[in-house]
1. Can you report the number of residues in region 19-74 which are of a type in the set (A, V, I, L, M, F, W, C), within 12 Å of L9 (Cβ to Cβ), in a helix (DSSP H, G or I) and modelled with pLDDT of 95 or more?
2. Would you check which residues across region 1-13 are among the charged types (D, E, K, R) and part of a loop (DSSP other than H, G, I, E, B) and list them?
3. Look through region 9-30, keep the residues that are of a type in the set (S, T, Y) and surrounded by fewer than 18 Cβ atoms within 10 Å (Cβ to Cβ), and return whichever of them is nearest to G43 (Cα to Cα).
4. Going by the structure shown, is Y16 part of a loop (DSSP other than H, G, I, E, B) and without any contact (Cβ under 8 Å) to a residue 24 or more places away in the chain?
5. Could you identify the single residue in L48, L60, L32 that is farther than 18 Å from N2 by Cα and among the hydrophobic types (A, V, I, L, M, F, W, C)?
6. For region 10-56, which positions are acidic (D, E) and under 12 Å from the mean Cα position of the chain (by Cα)?
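The values are calculated or read from the model by the stated rules, or taken from the named source; none is laboratory data. This is a predicted model, so every value here is computed, not measured. Glycine also receives a Cβ, built like all others from the backbone with ideal geometry; neighbour counts cover every protein chain displayed.
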Amino acid sequence: MNSEKLALLTIREMPYGKYKGRKIADLPGHYLGWFAREGFPSGELGALIALMYEIDHNNLRALLAPLRPAHRQQ
């Protein structure tokens, strides 16, 4: 797992849909599960959503806390 990709989850926003503007790291589990069932988008966005799905599915969201921008400024 690439730490740069993990950090991107806390910075990148969902560009469309019901959760447009929400950070990928903050997408709800049911929405991530929907993508897992229906198919992830292509490209980097899909890869990030798939990574976030795995993190959420394995109950590892706490790993992202130190990577959030507010934590980096301290």
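1. 11
2. R12
3. Y16
4. So Y16 passes the test.
5. L32
6. Correct list: E13, D26, E44, E54, D56.
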